[in-house]
């Protein structure tokens, strides 16, 4: 898969999910069996804005040259985000804070982390 397509897939995943968490966090988190109080709703919306921003960033970055410094920064930031979120969602599912959907999200983050690591390795090898 080309970087352009990978960025597009990332955008198609995170723009809708980020928008959902931003605008209707109760609906999203009820699917995961996570109960949110007012503080949790605020934090969920904040994370939703982050996911939406990463999705928009990926969408508008899809036509950039893979060897540019900007793309390297985007690859590193996304890689770190997906690695961290992979562990957090796994922990949430494993400890029972989330239902088994947490494992699905953990797997998706793992796969995206692999993709970002792959494209980062191509970027690094070119130097």
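The values are calculated or read from the model by the stated rules, or taken from the named source; none is laboratory data. Just so it is clear, the model here is predicted, and its values are computed rather than measured. Backbone-built Cβ (ideal geometry, glycine too); neighbour counts: all protein chains shown.
Evaluation of residue 100 against the conditions (1) surrounded by 15 or more Cβ atoms within 10 Å (Cβ to Cβ); (2) closer than 20 Å to residue 32 by Cβ; (3) at pLDDT below 95 shows that the sole unmet condition is (1). When residues in the range 1-58 are screened for being farther than 18 Å from residue 112 by Cα and assigned to a loop (DSSP other than H, G, I, E, B), 7 of them pass.
One line per residue, one yes/no per condition, for (1) modelled with pLDDT of 95 or more; (2) surrounded by 12 or more Cβ atoms within 10 Å (Cβ to Cβ); (3) closer than 23 Å to residue 101 by Cβ:
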site	(1), (2), (3)
37	no, no, yes
47	no, yes, yes
50	no, yes, yes
65	no, no, no
70	no, no, no
84	yes, yes, yes
88	yes, yes, yes
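Residue 98 passes every criterion in (1) under 22 Å from residue 125 (Cβ atoms); (2) not in a helix (DSSP H, G or I) apart from (1).
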